[in-house]
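Reading through the C-alpha coordinates given below for one structure.
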Ligand code: AMP
Ligand code: GLY
(Lines give C-alpha, C1' and ligand atoms only; values in the text may rest on other atoms or scores of the structure.)
(Ligands and ions follow the chains in the order given, each with its own letter.)
Protein backbone atom coordinates (compact mmCIF):
# COMPACT_ATOMS: atom_id res chain seq x y z
CA UNK A 1 0.00 0.00 0.00
CA UNK A 2 1.22 3.52 -0.86
CA UNK A 3 0.33 6.15 1.72
CA UNK A 4 0.41 9.94 1.59
CA UNK A 5 0.44 11.75 4.96
CA UNK A 6 -0.67 15.37 4.92
CA UNK A 7 0.88 17.77 7.43
CA UNK A 8 4.32 18.43 8.85
CA UNK A 9 4.24 18.41 12.64
CA UNK A 10 5.11 16.01 15.42
CA UNK A 11 1.85 14.15 14.93
CA UNK A 12 2.64 13.57 11.24
CA UNK A 13 6.17 12.38 12.03
CA UNK A 14 4.61 9.93 14.52
CA UNK A 15 2.08 8.80 11.89
CA UNK A 16 4.84 8.29 9.33
CA UNK A 17 6.93 6.37 11.85
CA UNK A 18 4.04 4.05 12.77
CA UNK A 19 3.07 3.58 9.11
CA UNK A 20 6.65 2.67 8.22
CA UNK A 21 6.45 -0.16 10.79
CA UNK A 22 3.47 -1.67 8.89
CA UNK A 23 4.88 -4.30 6.46
CA UNK A 24 1.99 -3.61 4.05
CA UNK A 25 3.05 0.00 3.60
CA UNK A 26 5.50 -0.19 0.70
CA UNK A 27 5.91 3.49 0.05
CA UNK A 28 5.42 6.53 2.19
CA UNK A 29 4.97 10.16 1.11
CA UNK A 30 4.54 13.23 3.29
CA UNK A 31 3.38 16.70 2.33
CA UNK A 32 4.90 18.95 3.37
CA UNK A 33 6.47 16.63 5.96
CA UNK A 34 9.52 17.80 7.89
CA UNK A 35 13.20 16.83 8.25
CA UNK A 36 12.14 13.87 10.41
CA UNK A 37 9.70 12.42 7.87
CA UNK A 38 12.27 12.80 5.07
CA UNK A 39 14.19 9.91 6.67
CA UNK A 40 11.11 7.65 6.37
CA UNK A 41 9.74 8.52 2.95
CA UNK A 42 9.59 11.22 0.33
CA UNK A 43 8.55 14.78 1.22
CA UNK A 44 6.52 16.85 -1.25
CA UNK A 45 5.76 20.54 -1.39
CA UNK A 46 2.02 21.22 -1.48
CA UNK A 47 -0.48 23.70 -0.13
CA UNK A 48 -2.31 21.33 2.24
CA UNK A 49 -5.50 23.40 2.21
CA UNK A 50 -5.79 23.31 -1.60
CA UNK A 51 -8.04 20.29 -2.32
CA UNK A 52 -7.19 20.09 -6.03
CA UNK A 53 -3.43 20.31 -5.42
CA UNK A 54 -3.63 17.54 -2.82
CA UNK A 55 -5.73 15.33 -5.08
CA UNK A 56 -3.25 15.82 -7.94
CA UNK A 57 -0.34 14.94 -5.65
CA UNK A 58 -2.19 11.82 -4.45
CA UNK A 59 -2.60 10.83 -8.10
CA UNK A 60 1.06 11.47 -8.93
CA UNK A 61 2.32 9.28 -6.09
CA UNK A 62 -0.49 6.73 -6.75
CA UNK A 63 -1.61 6.86 -3.13
CA UNK A 64 -3.87 4.04 -2.00
CA UNK A 65 -4.64 6.05 1.11
CA UNK A 66 -4.31 9.70 2.13
CA UNK A 67 -4.02 10.36 5.87
CA UNK A 68 -4.92 13.92 6.82
CA UNK A 69 -3.13 15.06 9.98
CA UNK A 70 -4.17 18.65 10.78
CA UNK A 71 -7.61 20.25 10.96
CA UNK A 72 -7.14 23.00 8.36
CA UNK A 73 -7.25 20.68 5.31
CA UNK A 74 -10.29 18.88 6.76
CA UNK A 75 -12.21 22.11 7.19
CA UNK A 76 -11.02 23.24 3.73
CA UNK A 77 -12.64 20.20 2.10
CA UNK A 78 -9.59 18.16 1.12
CA UNK A 79 -11.30 14.91 2.16
CA UNK A 80 -14.41 15.82 0.14
CA UNK A 81 -12.30 16.24 -2.99
CA UNK A 82 -10.34 13.01 -2.49
CA UNK A 83 -13.48 10.93 -1.84
CA UNK A 84 -15.22 12.48 -4.83
CA UNK A 85 -12.39 11.13 -6.99
CA UNK A 86 -12.42 7.75 -5.26
CA UNK A 87 -9.18 8.18 -3.32
CA UNK A 88 -9.51 6.55 0.13
CA UNK A 89 -8.97 9.22 2.73
CA UNK A 90 -8.55 9.03 6.50
CA UNK A 91 -10.30 12.15 7.78
CA UNK A 92 -13.86 13.45 7.75
CA UNK A 93 -15.26 15.64 4.98
CA UNK A 94 -15.76 19.36 5.59
CA UNK A 95 -19.32 19.05 6.85
CA UNK A 96 -18.35 16.39 9.40
CA UNK A 97 -15.19 18.29 10.40
CA UNK A 98 -17.46 21.06 11.70
CA UNK A 99 -17.52 19.00 14.92
CA UNK A 100 -14.12 20.64 15.40
CA UNK A 101 -14.44 23.69 13.13
CA UNK A 102 -17.51 25.10 14.85
CA UNK A 103 -17.93 24.92 18.62
CA UNK A 104 -21.61 25.84 18.25
CA UNK A 105 -22.26 23.01 15.74
CA UNK A 106 -20.53 20.55 18.07
CA UNK A 107 -22.73 21.67 20.96
CA UNK A 108 -25.86 21.29 18.82
CA UNK A 109 -24.90 17.72 17.82
CA UNK A 110 -24.08 16.83 21.44
CA UNK A 111 -27.44 18.18 22.57
CA UNK A 112 -29.30 16.20 19.93
CA UNK A 113 -27.33 13.03 20.74
CA UNK A 114 -27.71 13.41 24.52
CA UNK A 115 -23.94 13.56 25.05
CA UNK A 116 -22.83 14.81 28.49
CA UNK A 117 -21.04 18.15 28.10
CA UNK A 118 -20.90 21.61 29.68
CA UNK A 119 -24.04 23.72 29.22
CA UNK A 120 -23.29 26.50 26.80
CA UNK A 121 -24.64 29.62 25.13
CA UNK A 122 -23.68 30.84 21.67
CA UNK A 123 -23.31 34.63 21.74
CA UNK A 124 -22.79 37.26 19.05
CA UNK A 125 -23.33 40.49 20.98
CA UNK A 126 -21.75 42.04 24.10
CA UNK A 127 -25.14 41.93 25.86
CA UNK A 128 -25.49 38.19 25.24
CA UNK A 129 -21.90 37.68 26.38
CA UNK A 130 -22.52 39.54 29.63
CA UNK A 131 -25.76 37.63 30.28
CA UNK A 132 -24.10 34.24 29.69
CA UNK A 133 -21.10 35.08 31.89
CA UNK A 134 -23.45 36.11 34.69
CA UNK A 135 -25.60 33.02 34.22
CA UNK A 136 -22.70 30.55 34.56
CA UNK A 137 -20.51 32.52 36.99
CA UNK A 138 -16.74 32.05 37.35
CA UNK A 139 -14.37 30.59 36.35
CA UNK A 140 -15.47 31.91 32.98
CA UNK A 141 -14.96 29.81 29.82
CA UNK A 142 -15.04 31.72 26.53
CA UNK A 143 -14.39 29.97 23.21
CA UNK A 144 -14.04 31.48 19.75
CA UNK A 145 -16.46 29.65 17.45
CA UNK A 146 -13.96 28.87 14.65
CA UNK A 147 -10.58 27.14 14.43
CA UNK A 148 -7.85 28.68 16.59
CA UNK A 149 -5.07 26.05 16.95
CA UNK A 150 -5.95 25.45 20.59
CA UNK A 151 -5.56 29.17 21.34
CA UNK A 152 -9.15 30.36 20.97
CA UNK A 153 -10.17 29.43 24.49
CA UNK A 154 -9.80 31.58 27.59
CA UNK A 155 -10.55 30.24 31.05
CA UNK A 156 -10.39 33.01 33.65
CA UNK A 157 -11.76 34.23 36.97
CA UNK A 158 -11.66 37.77 35.60
CA UNK A 159 -14.96 38.91 34.04
CA UNK A 160 -13.26 41.82 32.23
CA UNK A 161 -10.73 39.47 30.61
CA UNK A 162 -13.55 37.12 29.59
CA UNK A 163 -15.48 39.99 28.00
CA UNK A 164 -12.36 41.26 26.27
CA UNK A 165 -11.64 37.84 24.73
CA UNK A 166 -15.26 37.59 23.57
CA UNK A 167 -15.05 41.04 21.95
CA UNK A 168 -12.20 39.86 19.73
CA UNK A 169 -14.45 37.32 17.99
CA UNK A 170 -17.66 37.70 16.02
CA UNK A 171 -19.24 34.66 17.62
CA UNK A 172 -18.26 32.91 20.85
CA UNK A 173 -19.48 29.99 22.91
CA UNK A 174 -19.63 30.66 26.64
CA UNK A 175 -19.96 27.65 28.85
CA UNK A 176 -20.12 26.19 32.28
CA UNK A 177 -16.71 25.47 33.87
CA UNK A 178 -15.87 21.78 34.13
CA UNK A 179 -13.74 20.69 37.04
CA UNK A 180 -11.62 17.54 37.10
CA UNK A 181 -8.68 15.96 35.31
CA UNK A 182 -8.69 15.99 31.51
CA UNK A 183 -8.22 13.03 29.24
CA UNK A 184 -8.06 12.59 25.45
CA UNK A 185 -9.69 9.59 23.84
CA UNK A 186 -9.42 8.92 20.10
CA UNK A 187 -12.06 6.75 18.46
CA UNK A 188 -11.64 5.58 14.87
CA UNK A 189 -14.96 5.68 13.02
CA UNK A 190 -15.74 4.33 9.56
CA UNK A 191 -19.11 6.10 9.58
CA UNK A 192 -20.93 3.23 11.28
CA UNK A 193 -18.57 1.32 13.56
CA UNK A 194 -16.10 2.82 15.99
CA UNK A 195 -13.11 1.51 17.90
CA UNK A 196 -11.34 3.29 20.76
CA UNK A 197 -7.59 3.83 21.01
CA UNK A 198 -5.70 4.13 24.33
CA UNK A 199 -6.66 7.18 26.39
CA UNK A 200 -3.84 9.70 26.83
CA UNK A 201 -3.27 12.73 28.99
CA UNK A 202 -2.16 15.99 27.44
CA UNK A 203 -0.71 19.12 29.09
CA UNK A 204 -2.24 22.15 27.40
CA UNK A 205 -0.90 25.07 29.44
CA UNK A 206 2.47 26.61 28.61
CA UNK A 207 4.03 26.49 32.09
CA UNK A 208 4.63 24.00 34.88
CA UNK A 209 1.76 23.50 37.28
CA UNK A 210 -0.79 24.12 34.49
CA UNK A 211 -0.09 27.85 34.54
CA UNK A 212 0.21 30.27 31.64
CA UNK A 213 -1.69 30.44 28.37
CA UNK A 214 -3.19 27.49 26.49
CA UNK A 215 -0.96 25.99 23.82
CA UNK A 216 -1.35 23.25 21.22
CA UNK A 217 -0.02 20.84 23.89
CA UNK A 218 3.32 20.65 25.75
CA UNK A 219 3.52 16.93 26.49
CA UNK A 220 1.53 13.74 26.93
CA UNK A 221 1.65 10.20 28.21
CA UNK A 222 -0.12 6.89 27.59
CA UNK A 223 -1.43 4.66 28.90
CA UNK A 224 -3.04 6.55 31.78
CA UNK A 225 -2.75 4.14 34.72
CA UNK A 226 -5.28 5.94 36.93
CA UNK A 227 -8.18 5.70 34.45
CA UNK A 228 -10.98 3.45 35.77
CA UNK A 229 -11.29 0.17 33.85
CA UNK A 230 -14.78 0.86 32.55
CA UNK A 231 -14.20 4.47 31.46
CA UNK A 232 -13.47 3.76 27.79
CA UNK A 233 -16.60 1.60 27.46
CA UNK A 234 -18.63 4.31 29.15
CA UNK A 235 -17.32 7.03 26.82
CA UNK A 236 -17.91 4.84 23.76
CA UNK A 237 -21.51 4.22 24.92
CA UNK A 238 -22.35 7.76 26.13
CA UNK A 239 -20.35 9.91 23.72
CA UNK A 240 -18.80 8.27 20.66
CA UNK A 241 -21.55 5.97 19.41
CA UNK A 242 -24.41 8.47 19.96
CA UNK A 243 -22.39 11.19 18.18
CA UNK A 244 -21.59 9.00 15.19
CA UNK A 245 -25.21 7.83 15.01
CA UNK A 246 -26.44 11.44 15.18
CA UNK A 247 -24.06 12.44 12.37
CA UNK A 248 -25.25 9.48 10.27
CA UNK A 249 -28.87 10.47 10.97
CA UNK A 250 -28.04 13.93 9.58
CA UNK A 251 -26.56 12.22 6.53
CA UNK A 252 -23.07 13.44 7.48
CA UNK A 253 -21.25 10.11 7.93
CA UNK A 254 -18.23 10.59 10.18
CA UNK A 255 -15.15 8.83 8.76
CA UNK A 256 -11.84 9.35 10.47
CA UNK A 257 -10.96 9.88 14.09
CA UNK A 258 -13.21 11.51 16.61
CA UNK A 259 -11.02 13.13 19.25
CA UNK A 260 -12.95 13.33 22.49
CA UNK A 261 -11.48 15.78 25.00
CA UNK A 262 -12.97 14.86 28.37
CA UNK A 263 -13.12 16.31 31.85
CA UNK A 264 -13.58 13.63 34.48
CA UNK A 265 -15.90 15.57 36.78
CA UNK A 266 -17.39 14.40 40.06
CA UNK A 267 -20.62 13.72 38.17
CA UNK A 268 -18.93 11.65 35.47
CA UNK A 269 -17.08 12.23 32.20
CA UNK A 270 -18.13 15.36 30.26
CA UNK A 271 -17.00 16.40 26.79
CA UNK A 272 -14.80 19.50 26.81
CA UNK A 273 -14.28 19.48 23.05
CA UNK A 274 -14.40 17.41 19.90
CA UNK A 275 -11.63 17.47 17.34
CA UNK A 276 -11.83 15.90 13.90
CA UNK A 277 -8.21 14.70 13.87
CA UNK A 278 -5.66 13.00 16.07
CA UNK A 279 -4.34 15.13 18.92
CA UNK A 280 -0.84 16.53 18.95
CA UNK A 281 1.17 15.51 21.03
CA UNK A 282 -1.10 12.66 22.27
CA UNK A 283 -0.69 10.85 18.94
CA UNK A 284 3.05 10.57 19.56
CA UNK A 285 2.48 8.43 22.67
CA UNK A 286 -0.65 6.56 21.55
CA UNK A 287 0.87 5.40 18.24
CA UNK A 288 4.07 4.45 20.02
CA UNK A 289 2.10 1.82 21.95
CA UNK A 290 -0.03 0.57 19.01
CA UNK A 291 0.82 -2.95 17.90
CA UNK A 292 -1.95 -3.32 15.28
CA UNK A 293 -0.50 -2.38 11.87
CA UNK A 294 -1.55 1.23 11.28
CA UNK A 295 -1.87 1.30 7.47
CA UNK A 296 -4.52 -1.40 7.30
CA UNK A 297 -6.38 0.09 10.24
CA UNK A 298 -6.57 3.59 8.74
CA UNK A 299 -7.53 2.16 5.34
CA UNK A 300 -10.39 0.16 6.92
CA UNK A 301 -11.53 3.33 8.71
CA UNK A 302 -11.40 5.29 5.46
CA UNK A 303 -13.36 2.77 3.42
CA UNK A 304 -16.16 1.74 5.79
CA UNK A 305 -14.45 -1.54 6.60
CA UNK A 306 -14.03 -1.56 10.38
CA UNK A 307 -15.55 -4.84 11.60
CA UNK A 308 -18.12 -4.19 14.38
CA UNK A 309 -16.12 -5.95 17.08
CA UNK A 310 -12.67 -4.60 16.17
CA UNK A 311 -10.25 -4.33 19.04
CA UNK A 312 -6.74 -2.97 18.80
CA UNK A 313 -3.54 -4.57 20.07
CA UNK A 314 -1.26 -2.55 22.35
CA UNK A 315 2.36 -3.11 23.29
CA UNK A 316 2.98 -3.42 27.02
CA UNK A 317 4.74 -0.50 28.71
CA UNK A 318 4.32 3.26 28.44
CA UNK A 319 5.38 6.31 26.44
CA UNK A 320 5.87 9.90 27.54
CA UNK A 321 6.47 12.80 25.19
CA UNK A 322 7.92 16.16 26.15
CA UNK A 323 7.59 19.03 23.68
CA UNK A 324 10.58 21.28 23.18
CA UNK A 325 9.17 24.59 22.00
CA UNK A 326 10.78 27.70 20.62
CA UNK A 327 11.69 30.84 22.50
CA UNK A 328 8.56 33.01 22.61
CA UNK A 329 6.05 30.13 22.22
CA UNK A 330 3.04 30.31 22.23
CA UNK A 331 2.60 34.03 21.52
CA UNK A 332 5.65 34.82 19.32
CA UNK A 333 7.81 31.80 18.53
CA UNK A 334 11.26 32.64 17.19
CA UNK A 335 12.14 30.77 14.00
CA UNK A 336 15.54 30.17 12.42
CA UNK A 337 17.37 29.16 15.63
CA UNK A 338 19.84 26.28 15.47
CA UNK A 339 18.81 22.96 17.14
CA UNK A 340 21.53 20.45 18.00
CA UNK A 341 21.85 17.31 20.10
CA UNK A 342 19.15 15.27 18.37
CA UNK A 343 21.42 12.27 17.68
CA UNK A 344 22.76 12.40 21.24
CA UNK A 345 19.19 12.46 22.57
CA UNK A 346 18.36 9.33 20.57
CA UNK A 347 21.23 7.48 22.25
CA UNK A 348 19.30 7.58 25.53
CA UNK A 349 17.77 4.15 26.18
CA UNK A 350 14.12 4.02 25.08
CA UNK A 351 14.14 7.55 23.64
CA UNK A 352 13.70 9.00 20.17
CA UNK A 353 13.01 12.43 18.73
CA UNK A 354 10.11 13.43 16.51
CA UNK A 355 10.37 16.64 14.51
CA UNK A 356 7.55 19.15 14.81
CA UNK A 357 8.54 22.67 13.75
CA UNK A 358 11.96 22.20 12.18
CA UNK A 359 13.58 22.87 8.82
CA UNK A 360 16.86 22.04 7.15
CA UNK A 361 19.32 24.90 6.99
CA UNK A 362 21.85 23.75 4.42
CA UNK A 363 22.59 20.06 4.20
CA UNK A 364 23.28 19.37 7.87
CA UNK A 365 21.80 21.95 10.20
CA UNK A 366 18.34 21.83 11.74
CA UNK A 367 16.69 25.13 12.67
CA UNK A 368 13.39 26.07 14.30
CA UNK A 369 10.48 26.65 11.92
CA UNK A 370 7.47 26.64 14.24
CA UNK A 371 6.34 27.03 17.85
CA UNK A 372 6.61 23.42 18.86
CA UNK A 373 10.01 22.34 17.58
CA UNK A 374 10.53 18.74 18.72
CA UNK A 375 8.49 16.10 20.46
CA UNK A 376 10.93 13.99 22.46
CA UNK A 377 9.52 10.53 23.24
CA UNK A 378 10.68 8.27 26.05
CA UNK A 379 9.48 4.70 26.46
CA UNK A 380 9.78 2.13 29.20
CA UNK A 381 8.07 -0.53 31.25
CA UNK A 382 5.86 2.05 32.99
CA UNK A 383 5.15 5.80 33.01
CA UNK A 384 7.91 6.77 35.51
CA UNK A 385 10.55 4.87 33.48
CA UNK A 386 9.33 6.36 30.20
CA UNK A 387 9.34 9.82 31.78
CA UNK A 388 12.93 9.45 32.95
CA UNK A 389 13.97 8.39 29.45
CA UNK A 390 12.18 11.36 27.83
CA UNK A 391 13.73 13.94 30.17
CA UNK A 392 17.22 12.40 29.89
CA UNK A 393 16.89 12.85 26.12
CA UNK A 394 15.55 16.40 26.43
CA UNK A 395 18.66 17.27 28.47
CA UNK A 396 20.78 16.56 25.40
CA UNK A 397 18.87 18.90 23.08
CA UNK A 398 20.42 22.31 22.65
CA UNK A 399 18.23 25.18 21.56
CA UNK A 400 18.61 28.79 22.65
CA UNK A 401 15.65 29.94 24.79
CA UNK A 402 13.88 26.55 24.55
CA UNK A 403 10.63 26.33 26.49
CA UNK A 404 10.03 22.93 28.05
CA UNK A 405 7.66 21.93 30.82
CA UNK A 406 9.43 19.96 33.51
CA UNK A 407 6.31 18.32 34.98
CA UNK A 408 4.99 16.17 32.13
CA UNK A 409 3.73 12.87 33.64
CA UNK A 410 5.13 13.87 37.02
CA UNK A 411 3.34 12.27 39.95
CA UNK A 412 1.93 9.53 37.71
CA UNK A 413 2.66 6.17 39.27
CA UNK A 414 3.45 2.88 37.62
CA UNK A 415 0.04 1.45 38.53
CA UNK A 416 -3.50 2.79 38.69
P1 LIG B 1 -10.79 23.48 23.84
O2 LIG B 1 -10.12 24.18 22.69
O3 LIG B 1 -12.27 23.53 23.80
O4 LIG B 1 -10.21 22.14 24.06
O5 LIG B 1 -10.29 24.19 25.17
C6 LIG B 1 -8.93 24.25 25.50
C7 LIG B 1 -8.74 23.99 26.96
O8 LIG B 1 -9.48 24.92 27.75
C9 LIG B 1 -9.24 22.63 27.43
O10 LIG B 1 -8.32 21.61 27.24
C11 LIG B 1 -9.49 22.89 28.89
O12 LIG B 1 -8.29 22.81 29.63
C13 LIG B 1 -9.99 24.29 28.91
N14 LIG B 1 -11.46 24.26 28.86
C15 LIG B 1 -12.24 24.26 27.76
N16 LIG B 1 -13.55 24.19 28.10
C17 LIG B 1 -13.61 24.13 29.44
C18 LIG B 1 -14.67 24.05 30.39
N19 LIG B 1 -15.95 24.04 30.03
N20 LIG B 1 -14.33 24.00 31.69
C21 LIG B 1 -13.04 24.02 32.08
N22 LIG B 1 -11.99 24.13 31.24
C23 LIG B 1 -12.25 24.17 29.92
N1 GLY C 1 -3.20 18.25 22.13
C2 GLY C 1 -4.39 18.94 21.87
C3 GLY C 1 -4.81 18.99 20.48
O4 GLY C 1 -4.28 18.32 19.62
O5 GLY C 1 -5.74 19.71 20.20
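The values are calculated or read from the model by the stated rules, or taken from the named source; none is laboratory data. What you see is a predicted model; the values in this text were computed from it and never measured. When we count neighbours, we look across all protein chains shown, and the Cβ atoms used for this are built from the backbone with ideal geometry, even at glycine.
A few remarks follow.
- Residue within segment 158-167 that is more than 9 Å from ligand 1 (Cβ to nearest atom), part of a strand (DSSP E or B) and in contact (Cβ under 8 Å) with a residue 12 or more places away in the chain present: no
- Matching entry among 237, 245 (being assigned to a helix (DSSP H, G or I), more than 18 Å from residue 375 (Cα to Cα) and touching a helix residue (DSSP H, G or I) at 6+ places or on another chain (Cβ under 9 Å)): 245
- Single residue of segment 259-286 satisfying the filter (more than 14 Å from ligand 1 (Cβ to nearest atom) and buried (at least 24 other Cβ atoms within 10 Å of the Cβ)) that is nearest to residue 69 (Cα to Cα): 278
- Top-ranked residue of segment 257-297 - restricted to ones that are within 13 Å of ligand 2 (Cβ to nearest atom) and in a loop (DSSP other than H, G, I, E, B), ranked as nearest to residue 241 (Cα to Cα): 276
- Flag if residue 221 is in a strand (DSSP E or B), under 30 Å from residue 157 (Cβ atoms), more than 14 Å from ligand 1 (Cβ to nearest atom) and touching a strand residue (DSSP E or B) at 6+ places or on another chain (Cβ under 8 Å): yes
- Test: residue in segment 301-316 that is farther than 15 Å from residue 220 by Cβ, without any contact (Cβ under 8 Å) to a residue 40 or more places away in the chain and either within 16 Å of ligand 2 (Cβ to nearest atom) or in a strand (DSSP E or B) (or both): no
- Those residues of segment 371-403 which are in contact with a helix residue (DSSP H, G or I) (Cβ under 6 Å, 6 or more places away or on another chain), surrounded by fewer than 24 Cβ atoms within 10 Å (Cβ to Cβ) and in contact (Cβ under 8 Å) with a residue 60 or more places away in the chain, in sequence order: 379, 380, 397
- Boolean, residue 281 is in contact (Cβ under 8 Å) with a residue 60 or more places away in the chain and within 30 Å of residue 379 (Cα to Cα): yes
- Of all residues in segment 337-370 being closer than 21 Å to residue 44 by Cα and surrounded by fewer than 20 Cβ atoms within 10 Å (Cβ to Cβ), the one that is nearest to the chain's Cα centre (by Cα): 359
- Every condition in (1) within 18 Å of residue 412 (Cβ to Cβ); (2) away from ligand 1 (no atom under 15 Å from the Cβ) holds for residue 203 except the one numbered (2).
Per-residue answers, yes or no, for (1) part of a loop (DSSP other than H, G, I, E, B); (2) more than 16 Å from ligand 1 (Cβ to nearest atom); (3) farther than 16 Å from residue 271 by Cβ:
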| position | (1), (2), (3) |
| --- | --- |
| 93 | yes, yes, yes |
| 96 | yes, yes, yes |
| 106 | no, no, no |
| 112 | no, yes, no |
| 129 | no, no, yes |
| 132 | no, no, yes |
| 143 | no, no, no |
| 147 | yes, no, yes |
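- Filtering segment 362-402 to residues that are at pLDDT below 95 and in a strand (DSSP E or B) leaves nothing.
- Qualifying residue in segment 317-326 (condition: surrounded by fewer than 24 Cβ atoms within 10 Å (Cβ to Cβ) and at pLDDT below 95): no
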